[in-house]
1. Could you pull out every residue, at least 5 positions away or on a different chain, whose amide H is within less than 5 Å of the one on V74? Hs are placed 1.01 Å off N in the peptide plane, and Pro or chain starts have none.
2. By how many nm would the segment from K40 to A90 lengthen if fully extended, with 0.36 nm per residue of separation less the alpha-carbon distance?
3. Among 92-100, 104-112, how do they line up from the highest to the lowest mean number of other beta-carbon atoms within 10 Å?
4. Using θ = phi - 60° and the Karplus curve 6.51 cos²θ - 1.76 cosθ + 1.60, what whole-Hz ³J(HN,Hα) does each residue of segment 105-111 get, with Gly and Pro shown as x?
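Any read-out appearing in this document is the output of simple, stated calculations on the displayed coordinates, not a laboratory observation. As the structure is a prediction and not an experimental result, all values here were calculated from the model. Positions of Cβ are generated from backbone atoms using ideal geometry, with glycine treated the same way; all protein chains shown enter the neighbour counts.
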Amino acid sequence: MSMDRRSEEYEDRPGRGEDRSSSFSVKGRLRAKARKKARKAKKKGFGLNKVCRFCADSSMVVDYKDAKVLRVFVAESGKLIPARISGNCAKHQREISLAVKRARQLALMPYLPPSS
């Protein structure tokens, strides 16, 4: 295939500066618009700012002996709930994970959920 042939093949295709909208089908343009709209919505999120409850209430402290407070940050499966979901700041999330591990070690909290 010579260079002349290649350039002839690409002549009918729109380039970077040319209008490409005519080359896409109507369905394709609508799909692209929908994807762009979905990306924008995903970036915005829910709009709710989560606040660390330990930072908001200074009287509340992370303590491994207080299993009732720690149970809020452990899912039903026994896993720790991540900070992006619980709203904890990084400092208190580390304290919570350490407290949960200590409470489990002293049998104040279960490692696994109760079997049914």
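1. I81
2. Details: separation 50, 0.36 × 50 = 18.00 nm, distance 2.70 nm.
Net length gain for the segment: 15.3 nm.
3. Ranked by mean Cβ neighbours within 10 Å, highest first: 92-100, 104-112.
4. Once rounded to whole Hz, the list reads 4, 8, 6, 7, 9, x, 6.
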